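The next block holds one structure in the form of structure tokens; read it before the comments.
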Amino acid sequence: MDERIEIISISPENAGKRLDVCLKDLFPDHSRSFFSNLIEQGLVTVNGDIRKDSYKVSEGDQLSVRFPEPKKVETVAQDIPLNILYEDDDVLIVNKPKGMVVHPAPGHEDNTLVNAIMYHCGDSLSGINGEKRPGIVHRIDRDTTGSLIVCKNDKAHNAIAAQIKEHTVNRIYEGIVIGNIKDDDGTIDAPIARSKADRKKMAIDPAGRRAVTHYHVLERFGSYTCCEFKLETGRTHQIRVHMASIGHPILGDPVYGPKKCPFKLEGQTLHAKTIGFIHPSTGQYVEFSAPLPEYFENLLAKLRKTSS
């Protein structure tokens, strides 16, 4: 990635914050110390002036942030156990656990799914997405569990990527939402874009990209509902944003739902259950399902008991 410059106007939500803290909140992929270093180097200006990292920003301040070209960091193979659902010469289907980041990023340089698959596959990974994301054709959130496709060569990568672009990959999730959904079935067709108020979040935005989620109620527990979600599109945080937009955020989601959760959960109760696609070599439709993780099954059992 080449050097880039970002221009930001401070919104009311960020007014009053320290400059370094504000930048960390606006660009969550980077740390506060990263921005302190940029400020010290004179790569950040406020209304055209260089300020200290302790400067308190005001609403309407114009920030200019120059991101230098990042230093190349080698992604290393790590012997991390993988839950493999299927594997052949073209694809690897893994069941990603909760808490595992898919590919390296600032703050998560190792112990990612990419580090694990590099060890498992050796040189047999597609290189289309570069060194930090070999074999990765799509992703799921850190605290979402379930099935994910890894491509072992460029031919497979191109074939699966084309299906994802054409929305023909069958992706079915299971999740628990807060509240009792009125209808047994429904469709949410609402465009999604990065939130203008908080860059760490996505939001419904008429100017965003089209996003469609179909939901079906599997079980009701009074104050909670277990649902199946079928993705027609695959936007960042799509299910989480869509369900929150109709007043039924995913249980345990601290970003789009309540900050406090009545159950001991680490992030949202969302599981990528089934993934189906046309196999790049055989031309046949194949489908794989990841079993619900233990914490999810235990929570369902508890909800059934308390609601009966």
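The values are calculated or read from the model by the stated rules, or taken from the named source; none is laboratory data. Just so you know, these numbers come straight off a predicted model, no measurement behind them. No Cβ is skipped: glycine too gets one built from the backbone with ideal geometry, and neighbour counts run over all protein chains shown. The protein model used for the area step is the full one, side chains on, heavy atoms only, and it has no ligands, DNA or RNA in it. Shrake-Rupley method; radii C 1.70, N 1.55, O 1.52, S 1.80 Å.
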statement: Per residue, the convex hull enclosing the alpha carbons of region 3-127 has a volume in Å³ of 136 Å³
query: Just how much of Ser124 is accessible, in Å², when a 1.4 Å probe is used and the result is rounded to the nearest 10?
result: 60 Å²
Under the Debye formula (equal points on every Cα, no solvent term), log10 I(q)/I(0) of region 89-227 at q = 0.17 Å⁻¹: -1.13
Amide H contacts of Tyr224 (H built 1.01 Å from N, under 5 Å, at least 5 apart or other chain): Gly179
Selection from Pro293, Thr274, Gly252 lying farthest towards where the dipole of the chain points positive, charges on Cβ: Gly252
- prompt: Given the options Ile176, Ile149, Ile204, which has the most mean-square fluctuation in a GNM of the chain, springs set between C-alpha atoms less than 10 angstrom apart?
  reply: Ile204
- prompt: At 222 nm, what helix-only mean residue ellipticity would the chain give, in deg cm²/dmol to the nearest 500, using -39500 (n - 2.57) for each DSSP H run of four or more?
  reply: -5500 deg cm²/dmol
- request: Rank Asn170, Gly146, Ala156 by how far each Cα sits towards the positive end of the charge dipole of region 126-181 (+1 on Lys, Arg Cβ; -1 on Asp, Glu Cβ) and give me just the farthest.
  value: Ala156
query: If ligands, DNA and RNA are left out, what is the accessible area of Arg142 with a 1.4 Å probe, given in Å² to the nearest 10?
result: 110 Å²
query: So, with +1 on the Cβ of K and R and -1 on the Cβ of D and E, and no other charges, what is the size of the charge dipole of the chain about its Cα centre, to the nearest 20 debye?
result: 940 debye
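Over 27 Å between Cα atoms: which of Lys96/Lys155; Lys24/Lys152; Lys201/Lys273; Lys98/Lys155 fall into that group? Before the final figure, lay out the partial values.
Numbers: Lys96/Lys155 23 Å; Lys24/Lys152 35 Å; Lys201/Lys273 24 Å; Lys98/Lys155 30 Å.
Table pairs above 27 Å Cα-Cα are Lys24/Lys152; Lys98/Lys155.
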task: Using a 1.4 angstrom probe on the protein heavy atoms only, line up Lys305, Lys152 by accessible area, largest first.
output: Lys305, Lys152
query: Accessible area of Asp89, 1.4 Å probe, to the nearest 10 Å²?
result: 130 Å²
